[in-house]
Amino acid sequence: MSHPLLERHIERQAVKPLYLFYGDEEFLMNRALARLEAGLRDDQGEPPVKSLFYAPSPKPRTASRDDQDEPSGKPVREAQEVEMAEFLAEARVATLWGPGQLLVMRRLELNAAAFKAINAYLDHPAPRTWVVLMAEGAKNRDLAKNPVGGRLQKEEAALGFSRLREGELHQWLTREARQLGKNLTLDAAQRLVEMVGDNLAELSQELEKLALFAGPENTLTPALVTQLTSHSRTYNIFALVEALGTPGFHQRLTSLGQLLDLGEQPVKILGMLARQVRFLIRVKEGAGANPMELARSLGVQQWQLKGLPQQAARFSDAALRRHLAMLHRVDLNLKTSTGNPRLWLEWALIKMGPG
């Protein structure tokens, strides 16, 4: 399942000439895009010619899997940054191949100029062309600011992809497991989220590995989840940050060693440690605050606060700020020194005890 509205349009062969994908969950956006591309294949199985563009950005863009041959296996035209007017003009250049063309623009900012261009295109869409505009991070309120947003919603062309709450995550995992021919128990789904986190791409990857690991066994249990995911990089990142503040440093060094053995980059490990310390500082500053408001201020979901107050209580304010300053020092040394990154990380973790 990609998005209920999109699935209905494909089933009824009533795909819209233009879609706006918006929200915080890029994994679901990408899955919907792949589903649309597959649904636009002609009777011979030929996919539309796909062209990928990016809205102009002041920051340099790094290559990603979005630029690769996906999902058709055919080359995707080289991604480039273009203005909206140029992008929509490109949509009117007919292709001679396949069932038509699929044009995708990522990183779109929903502003008045974008809405105006969208409205003009909707009045006279190009034949044999399907346009997908991806406004990652946009909210419902961004659509409500302009009448064109209401038009898109009324025409079922605005598809929202929001981050899943804890209960929704469990339901999503259960459906995903069913697609893999497995039955994922509620306890196992909860364990998987606890050990991997709420990143859907990582959850999907771990679930696929879990299904293969289970072999002929139909039911995926919490024990199977623990047995498999305890060897994953994602789990060991969580194990490392949760070990902060525990007496002694052996658990922290063990988790670090497992991460490095699994190929995790020292810079990413350092970033996760710094992020956790910042969270602990914010939690101490917001002691007694409403959990929902605290989660919103931290940019996480409420269930992710579990254990943070208890962990923060093991540190003084001064200790946490010393630890953060020390991590900044390690970051500088990793970038400028020829020393062994593992030694720098071990030195920091030895010093990051409670106090």
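The values are calculated or read from the model by the stated rules, or taken from the named source; none is laboratory data. Every value quoted in this text rests on a predicted model; they were computed, and no experiment measured them. Cβ: placed from backbone, ideal geometry, glycine included. Neighbour counts: every protein chain shown. SASA here: full protein model, heavy atoms, side chains in, ligands and nucleic acids out. Shrake-Rupley method; radii C 1.70, N 1.55, O 1.52, S 1.80 Å.
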Cβ-based charge dipole, the chain, positive-most Cα from Val283, His3, Ala239: Val283
Ala223-Ile10 pseudo-label distance in nm [points 7 Å out on the Cα-to-Cβ vector]: 3.8 nm
Net charge contributed by nearby residues that have their C-beta within less than 14 Å of Thr221 (K/R +1, D/E -1): 0
Vicinal HN-Hα couplings computed from phi for the stretch 117-122 (Karplus, 6.51 cos²θ - 1.76 cosθ + 1.60; Hz; Gly/Pro x): 5, 4, 4, 5, 5, 4
Å² per residue, accessible surface of the stretch 130-237 at 1.4 Å: 49 Å²
Cα Rg, Dmax, the stretch 283-355, angstrom units: 15.2, 46
Size descriptor, Kirkwood hydrodynamic radius, that averages inverse alpha-carbon separations across the chain, Å: 23.1 Å
The stretch 120-183: trypsin sites (Lys or Arg not before Pro) in DSSP loop, at most 16 other beta carbons within 10 Å: Arg128, Lys139, Lys145, Arg163, Arg165
Computed E for Asn111/His250 - FRET, C-beta separation, R0 56 angstrom, nearest 0.05: 0.60
Accessible surface of Phe27 - all protein chains present, 1.4 Å probe, nearest 10 Å²: 50 Å²
Surface share of carbon and sulfur [accessible, 1.4 angstrom probe, percent] for the chain: 51 percent
Cβ-defined net charge surrounding Leu294, 14 Å radius [Lys, Arg +1; Asp, Glu -1]: +3
Built amide H within the under 5 Å cut-off of Leu220, gap 5+: Asn183, Leu184, Thr185
